[in-house]
Amino acid sequence: MLQASYVSSQVRVGTKQAITIIIVDMCPIVRRSLVSLLHSIPTFAVVTDVATPEDAYITLSDGTIDIAMMDLDRERDWCGVVEHMYYLVPHTHIILFSAHIYPFQTQQLLALGAKGIIDKQVTASQLITSIEQVQAGQEVVLLGTHIQETQALSHARCKGSEAFEQLTPRELDALGFVVKGATNKEIAVHMHVTTKTIEAYLHRICAKLQVSSRTAAAIRGLQLGLVQAANLYEM
């Protein structure tokens, strides 16, 4: 059921129109917290908060909402929801604000229409800045515990893979398994080597890609096209 609207979808701050936002999250406590935070920003206007994308479509249908900020259940088809929402309201920027998004999903979700993919571990200031960046037309990716590092990676697709030392075929294989979410032990089984060898591969991969974590390496590998999306679901 839709929640009560907070403000009109047409709000102005001085001579500037406020950024209108709808919040989609199954947890009412999270919704209330986000509403409280975003209402404290003079240039933001939360129009309403709802539990599901289906509820959101009613408010989004008039085409006046700038940002749809969503979290979904683990069981939901994230790609399907993003694709459908982008088809219905292409002028509304979709931000996925969740702790349930894996690095291997990032590229596909952006390709389907998402403009922001943000982990719930971000600070309030990072979230506010990200909303402003998305509204300005940028893509923002902030994933995992290495938030500051992955913020820089959101621009990595503009930087060619030639800027990084080339990975060996075995390192590329290992990176592919990391992107799929495999553990070192699982990767070792698939590649018929020891976990110590996998640790060595990952150390070299991070050094070559100029990152300090496997999560950041996975994101950079996707953004540079080192791992093919078509192979992500094979294990």
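Bear in mind that the values in this text are calculations on the coordinates, not laboratory data. Fair warning: this is a prediction, and the values are worked out from it, not measured in the lab. Don't worry about glycine lacking a Cβ; one is built from the backbone with ideal geometry, like all the others, and counts go over all protein chains shown.
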Inset, instruction - Any of K115/K180; K120/K196; K115/K185; K180/K208 with alpha carbons more than 26 Å apart? Name them for me. - result: K120/K196; K115/K185
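Which net charge results for the neighbourhood of V89, defined as the other residues with beta-carbon distances under 11 angstrom from its beta-carbon, given Lys and Arg at +1 and Asp and Glu at -1?
-2
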Inset, instruction - Would you mind working out the magnitude of the charge dipole of region 73-125 relative to its Cα centre, with +1 at each Lys and Arg C-beta and -1 at each Asp and Glu C-beta, to the nearest 20 Debye? - result: 140 debye
Inset, instruction - Using the Karplus curve 6.51 cos²θ - 1.76 cosθ + 1.60 with θ = phi - 60°, work out ³J(HN,Hα) for each residue of region 191-198 in order, rounded to whole Hz, and write x for Gly and Pro. - result: 9, 6, 9, 8, 5, 4, 5, 4
Legend entry - Approximate shape of region 12-154 as ellipsoid semi-axes (Cα gyration tensor, √5λ), whole Å, largest first: 20, 18, 15
Legend entry - Dipole of region 12-154 [Lys/Arg +1, Asp/Glu -1 at C-beta], most positive-end residue of V47, L37, Q105: L37
Inset, instruction - Provide the net charge surrounding I21, with neighbours chosen by a C-beta distance below 10 Å and charges set as Lys +1, Arg +1, Asp -1, Glu -1. - result: -2
Inset, instruction - State to the nearest 20 debye the size of the charge dipole of region 12-154 about its Cα centre, where the only charges are +1 on K and R beta carbons and -1 on D and E beta carbons. - result: 380 debye
Legend entry - Of the trypsin sites (Lys or Arg not before Pro) in region 15-93, those whose Cβ has at most 14 other Cβ within 10 Å and which sit in DSSP loop: R74
Inset, instruction - Please get the size of the charge dipole for region 161-231, origin at its Cα centre, with Cβ charges of +1 on Lys and Arg and -1 on Asp and Glu, quoted in debye to the nearest 20. - result: 160 debye
Inset, instruction - May I ask you to derive the FRET efficiency for D62 and Q108 from their Cβ-Cβ distance with R0 = 25 Å, giving the value to the nearest 0.05? - result: 0.30
Inset, instruction - Name the shape class, rounded, prolate or oblate, that the alpha-carbon gyration tensor gives for region 10-95, where a ≥ b ≥ c are the square roots of its eigenvalues, rounded holds for a/c under 1.5, and otherwise prolate holds if a/b is larger than b/c and oblate otherwise. - result: oblate
Inset, instruction - Collect residues whose amide H, placed 1.01 Å from N in the peptide plane, falls under 5 Å from the amide H of V140; neighbours closer than 5 in sequence don't count. - result: G116, I117
